[in-house]
1. Do any trypsin sites (Lys or Arg not before Pro) in segment 186-243 lie in a loop, going by DSSP, with at most 11 other beta-carbon atoms within 10 Å of their beta carbon, and if so which?
2. Rounding to the nearest 20 debye, state how big the charge dipole of segment 27-123 is about its Cα centre with +1 on each Lys and Arg Cβ and -1 on each Asp and Glu Cβ.
3. Can you compute the charge dipole magnitude of segment 189-248 about its Cα centre, using +1 on each Lys and Arg Cβ and -1 on each Asp and Glu Cβ, nothing else charged? Give it in debye, rounded to the nearest 20.
4. How would 37, 153, 80, 225 rank on accessible area, largest to smallest, probe 1.4 Å?
5. Of 47, 66, 95, which is farthest along the charge dipole of segment 43-97 in the positive direction, counting Lys and Arg as +1 and Asp and Glu as -1 at C-beta?
6. Suppose R0 equals 35 Å. What FRET efficiency, 1/(1 + (r/R0)^6) with r the Cβ-Cβ distance, do residue 167 and residue 105 give to the nearest 0.05?
7. Is the shape of segment 40-142 rounded, prolate or oblate, going by the alpha carbon gyration tensor and its root eigenvalues a ≥ b ≥ c, with a/c under 1.5 for rounded and a/b larger than b/c for prolate?
8. To make sure I understand the rule: partners must be lysines, Cα under 18 Å from the Cα of residue 28, and not fewer than 8 residues away in the same chain. Which ones qualify?
Amino acid sequence: KATVSVLNWFCRRITTLMSADDHSTRYKWPPLESDPEIFTNYMASMGLPANWAFSELLGFEDDLLAFVQKPVLAVVLNAEYTKKRGERPQGDVGAGAQFYMKQTSELDNACGVIAALHAVYNNLGDGPAKVQLHPESVLGKFHGAIMGMSPAERATALENFDDFKQEYKNVAGQGQSSRERETSHHFTAFIVNEAGELRELCGCKDGPLLIHAKCDDVLKGAAQEILRRVNDGEITHSLSVMALNIAA
């Protein structure tokens with residue numbers, strides 16, 4: 001009996017140590033700097049074609065939006081929110097976007113990557129205003145692997161997709177902020193879907209959030225919504241906005 005007790009204790013101890021080791025070695029996604037050059041370089045290394053890039057919005061007035069090269073496929077917002085996550089609109093489950101994925105606790109601060117994936121994967125196709133991915137690129141392989149999955153399963157797939165992590169470690173240390181910084185900001189993406197709806201995609205919501213039922217200009221539509229949120233106090237003035245658009 002004493003031998004059995006010692007053996008049981010030893011097995012429990014080994015299990016505890018293995019669990020602690022797994023936790024300590026779990027990859028933690030640090031915050032990504034809201035910098036269009038960093039986003040462009042990162043997504044290009046993953047397979048985004050050279051004719052597409054992220055660029056900064058200098059303001060919300062029409063004359064400032066005119067500086068953004070057209071066509072614009074999506075808008076990425078990085079904002080500080082004044083309400084808790086559960087107090088904000090949660091979107092529609094299973095509707096409103098060609099591609100949508102969740103953000104799990106395992107993905108930590110990967111909301112920048114998720115916003116970029118939402119921007120790119122909702123604009124695939126043929127023609128000058130669509131993104132064509134090489135099937136053997138990281139973006140192409142990941143897209144092919146997850147399209148039959150649920151939004152939650154796609155998040156799990158990203159957790160375990162090492163190709164994204166390897167380059168992410170490099171770009172997360174770039175920019176003006178430290179890799180170890182705490183952040184209260186969050187990235188989301190705005191797209192116009194096949195039904196002509198302006199939707200906000202955030203992996204922390206239940207699903208794509210309907211902003212406008214009819215929208216033919218994602219840049220102006222998103223800019224108007226972001227400005228409304230600032231004026232209504234839903235987000236602070238501490239924000240940055242990028243567009244996924246044709247490269248200059």
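1. Answer in residue order: 214.
2. Approximately 440 debye in magnitude.
3. Dipole of segment 189-248, to the nearest 20 debye: 100 debye.
4. Sorted by accessible area, descending: 37, 153, 80, 225.
5. So the residue furthest toward the plus end is 95.
6. Using R0 = 35 Å, I get an efficiency of 0.95.
7. Here segment 40-142 falls in the oblate category.
8. Hits, sequence-local ones excluded: 102, 165, 169.
The values are calculated or read from the model by the stated rules, or taken from the named source; none is laboratory data. Because the structure is predicted, anything quoted here is derived from the model rather than measured. Using ideal geometry, Cβ is built from the backbone for each residue, glycine included, and neighbour counts are taken over all protein chains shown. The area values use the complete protein model at the heavy-atom level, side chains included, leaving out ligands, DNA and RNA. Shrake-Rupley method; radii C 1.70, N 1.55, O 1.52, S 1.80 Å.
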